[in-house]
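Engineer: If you scroll down you'll find the structure; I have some questions about it.
The values are calculated or read from the model by the stated rules, or taken from the named source; none is laboratory data. Note that the structure is a prediction, hence the values are computed from the model and not measured. Ideal geometry is used to build each Cβ from the backbone, glycine not excepted, and the neighbour counts take in all protein chains shown. Areas reflect the complete protein model, heavy atoms only, side chains present, ligands, DNA and RNA absent. Shrake-Rupley method; radii C 1.70, N 1.55, O 1.52, S 1.80 Å.
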Amino acid sequence: MTTIDYSVWDHIEVSDDEDDTHPNIDTPSLFRWRHQARVERMESFQKKGEELEKNLSESRRKLAEVQRKVQELAGASTEESRQELDKAQAQERQLRREERSWEKKMDEYRREEKKQPWNVDTLSKDGFSKSVVNVKPEVKVDTEEEKELKHKTFVEKYEKQIKHFGMLRRWDDSQKYLSDYPHLVCEETANYLVIMCIDLEVEEKHALMEQVAHQTIVMQFILELAKSLKVDPRGCFRQFFTKIKMADQQYQDAFNDELESFKERVRGRAKIRIEKAMKEYEEEEKQKRLGPGGLDPVEVYDSLPLEMQKCFDEKDIQMLQDAISKMDPTEAKYHMKRCIDSGLWVPNSQTDEEVEKEEEPQKEQRDE
């Protein structure tokens, strides 16, 4: 049989009028004083909570402003800009410490709040004073053009930093770099690293591709962790590094499996790109070779009878004439037309003129 735990009722302050008082004491006045004192304590405690909440919100607002400033100065090139960036980063670290301090105080307040005893004022609060209808907020979805523009703008601004991150090897180095440049923790960085891997594989820089692939999976795991926690990726990348460095075997195995799978996909994409580039190159070369009739001389040559191929190999016109004379006239006409359309044979060429000049004296002798 299930028993009910009544211990929760042990910390309820009973109504003031349940106490027994001495006959000579003005009981109603005493009850009013007690109630007033309790209400004042409650108001003071509530005011303390509101003040903590206000300070925490202000701290987070200042931190967000400084982080935006750090992002704007991230690509600093001048000495003055670099000094401003160092100053902003120092301010960011200080505000992070302040934020953690206020969060700690807020947690202590909530724990203390739970320990507060119930009383007639808190028990009798109206729990259904209003109706709330949950309306799903409208989320703006970027179009493909907007996504492309956003990616292009981000890469133009931070390409050098993304490439630097892609070349890092140690967990600590990656964590420190992202701490210095938290704006890199985003989808745009992951997408650029993927393209970078495929480019390196196409260039046959296999070892370098595998290194950048490792950093690509690091970024993708951080983004997935942020999705599962429903937080900004810039606020949870430290949790990823803590988890991966703790050598959790299951998490490490999942990371390695995804890394190997990703490298295989990169090799596949690179192979497709190379094949496509080769086809485009072959097509361009073919277009350059096309004869006046639009035929490819290589394809026409391969389709010729062996006797005719030998004639073209040795560039012997007489041999070609002899070979044609032995062929069926229809077949000979078909092959010669294709040779002319592909440019293998050029009618009225210099060679033909020379042949005609050689034949003219012989013709005159026959006429005499």
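Engineer: Would you mind stating whether LYS69 is surrounded by 14 or more Cβ atoms within 10 Å (Cβ to Cβ) and of a type in the set (Lys, Arg)?
Structural biologist: When the stated conditions are applied, LYS69 passes them.
Engineer: Among the residues of segment 284-297, count how many are in a helix (DSSP H, G or I) and open to solvent by 70 Å² or more (accessible area, probe 1.4 Å).
Structural biologist: First pass over segment 284-297, keeping only residues in a helix (DSSP H, G or I): 284-289, 297.
Add one more test, that the residue is open to solvent by 70 Å² or more (accessible area, probe 1.4 Å), and what stays is 284, 287-289.
Within segment 284-297, residues that are in a helix (DSSP H, G or I) and open to solvent by 70 Å² or more (accessible area, probe 1.4 Å) number 4.
Engineer: Got a sec? Which of LEU229, LEU223 is aliphatic (A, V, I, L, M) and within 21 Å of VAL194 (Cα to Cα)?
Structural biologist: Exactly one residue qualifies, and that residue is LEU223.
Engineer: A further question on this structure: Checking LYS310 against (1) within 27 Å of GLN287 (Cβ to Cβ); (2) assigned to a helix (DSSP H, G or I), which single condition isn't satisfied?
Structural biologist: So LYS310 meets the others, but not (1).
Engineer: With the structure loaded, tell me whether ALA207 is surrounded by fewer than 21 Cβ atoms within 10 Å (Cβ to Cβ), of a type in the set (Gly, Ala, Ser) and closer than 27 Å to ILE272 by Cβ or whether it fails that test.
Structural biologist: Against the criterion (surrounded by fewer than 21 Cβ atoms within 10 Å (Cβ to Cβ), of a type in the set (Gly, Ala, Ser) and closer than 27 Å to ILE272 by Cβ), ALA207 qualifies.
Engineer: Quick one: is ARG41 over 33 Å from the mean Cα position of the chain (by Cα), open to solvent by 90 Å² or more (accessible area, probe 1.4 Å), over 30 Å from LYS157 (Cβ atoms) and at pLDDT 80 or above? Break it down into steps so the answer makes sense when it comes.
Structural biologist: Working: over 33 Å from the mean Cα position of the chain (by Cα): yes; open to solvent by 90 Å² or more (accessible area, probe 1.4 Å): yes; over 30 Å from LYS157 (Cβ atoms): yes; at pLDDT 80 or above: no.
The answer is no for ARG41.
Engineer: If ILE274 meets every condition in (1) open to solvent by 90 Å² or more (accessible area, probe 1.4 Å); (2) part of a helix (DSSP H, G or I); (3) touching a residue at least 12 places away in the same chain (Cβ under 8 Å) apart from one, which number is that one?
Structural biologist: Of the numbered conditions (1) open to solvent by 90 Å² or more (accessible area, probe 1.4 Å); (2) part of a helix (DSSP H, G or I); (3) touching a residue at least 12 places away in the same chain (Cβ under 8 Å), the odd one out for ILE274 is (1).
Engineer: Turning to a different aspect of this structure: Does GLN220 satisfy the criteria of being under 29 Å from LYS87 (Cα atoms) and either open to solvent by 40 Å² or more (accessible area, probe 1.4 Å) or modelled with pLDDT of 90 or more (or both)?
Structural biologist: Judged against the criteria, GLN220 is not a match.
Engineer: Another question, if that's okay. Please indicate, with yes or no, whether at least one residue in segment 167-180 is buried (at least 20 other Cβ atoms within 10 Å of the Cβ), of a type outside the set (Val, Ile, Thr) and under 14 Å from the mean Cα position of the chain (by Cα).
Structural biologist: Scanning segment 167-180 turns up no residue that is buried (at least 20 other Cβ atoms within 10 Å of the Cβ), of a type outside the set (Val, Ile, Thr) and under 14 Å from the mean Cα position of the chain (by Cα).
Engineer: Among the candidates LYS263, LYS245, LYS227, single out the residue that is crowded, with 17+ Cβ neighbours inside 10 Å and of a type outside the set (A, V, I, L, M, F, W, C).
Structural biologist: LYS263
Engineer: Condition (residue is open to solvent by 100 Å² or more (accessible area, probe 1.4 Å) and modelled with pLDDT of 80 or more) applied to segment 336-359: is it met by at least one residue?
Structural biologist: Yes, because at least one residue in segment 336-359 is open to solvent by 100 Å² or more (accessible area, probe 1.4 Å) and modelled with pLDDT of 80 or more.
Engineer: Right, here's the next one. Within segment 317-335, can you find the residues that are among the acidic types (Asp, Glu), part of a helix (DSSP H, G or I) and modelled with pLDDT of 85 or more?
Structural biologist: GLU331
Engineer: Give the residues of segment 256-275 that are out of contact with any helix residue (DSSP H, G or I) (no Cβ under 8 Å at 6 or more places or on another chain), within 12 Å of ILE198 (Cβ to Cβ) and among the charged types (D, E, K, R), sorted by residue number.
Structural biologist: The initial filter retains those residues of segment 256-275 that are out of contact with any helix residue (DSSP H, G or I) (no Cβ under 8 Å at 6 or more places or on another chain), namely 256-257, 260-261, 264-265, 268, 271-272, 275.
Okay, now just the ones that are also within 12 Å of ILE198 (Cβ to Cβ), so 265, 268, 271-272.
Listed by number, the residues that qualify are ARG265, LYS271.
Engineer: If you don't mind, there's one more thing I want to ask. Please go through segment 44-75 and give me each residue that is among the basic types (Lys, Arg) and over 30 Å from the mean Cα position of the chain (by Cα), ordered by number. Step through it out loud before you land on a result.
Structural biologist: Taking segment 44-75 and keeping what is among the basic types (Lys, Arg), we get 47-48, 54, 60-62, 68-69.
Scanning segment 44-75 gives LYS47, LYS48, LYS54.
Engineer: Does segment 75-92 contain any residue that is of a type outside the set (Val, Ile, Thr), open to solvent by 70 Å² or more (accessible area, probe 1.4 Å) and modelled with pLDDT under 75?
Structural biologist: Scanning segment 75-92 turns up at least one residue that is of a type outside the set (Val, Ile, Thr), open to solvent by 70 Å² or more (accessible area, probe 1.4 Å) and modelled with pLDDT under 75.
Engineer: Among ASP313, ASP302, which is exposed (fewer than 13 other Cβ atoms within 10 Å of the Cβ) and in contact with a helix residue (DSSP H, G or I) (Cβ under 9 Å, 6 or more places away or on another chain)?
Structural biologist: Checking each option against the conditions leaves just ASP302.
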